């Protein structure tokens, strides 16, 4: 299977099915070549060192508020902005109301 979009969707499906935030699962033998293990490692987000801004869509089926709260907790003080918006996943980028975006740009400029 080739193509970034299809691979990303497959990776998302793997994480949904396993309930883990993990590296891409190539299958047992390819995982051994890629990772030196038959199963992919989980991604440890506590190792993230950069500031993180989280804009959460309350109607986002791909990243619901409960999951985002768990991520926020794991990231701790690295979360410099957190806002829950009345958006779904695509509205955060393509929606008509992007008023939060000016705040995002100002935040980026501050770093």
field: Candidate set from the range 1-25 (those that are within 28 Å of residue 68 (Cβ to Cβ) and in contact with a helix residue (DSSP H, G or I) (Cβ under 8 Å, 6 or more places away or on another chain)); member that is surrounded by the most Cβ atoms within 10 Å (Cβ to Cβ)
entry: 25
- line: When every residue in the range 82-105 that is under 17 Å from residue 67 (Cβ atoms) and at pLDDT 85 or above is compared, the one surrounded by the most Cβ atoms within 10 Å (Cβ to Cβ) is 87
- prompt: Is there any pair linking a residue in the range 1-21 that is within 18 Å of residue 42 (Cα to Cα) to one that is modelled with pLDDT under 90 and outside any helix (DSSP H, G or I), with Cβ under 8 Å and at least six apart or on different chains, and which?
  reply: 7/1; 10/1; 12/62
Condition met for residue 46 (exposed (fewer than 14 other Cβ atoms within 10 Å of the Cβ), in a loop (DSSP other than H, G, I, E, B) and on the phi < 0 side of the Ramachandran plot): no
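The values are calculated or read from the model by the stated rules, or taken from the named source; none is laboratory data. Not measured: the values here are computed from a predicted model. A quick note on method: Cβ atoms are made from the backbone with ideal geometry, for glycine too, and the neighbour counts reach across all protein chains shown.
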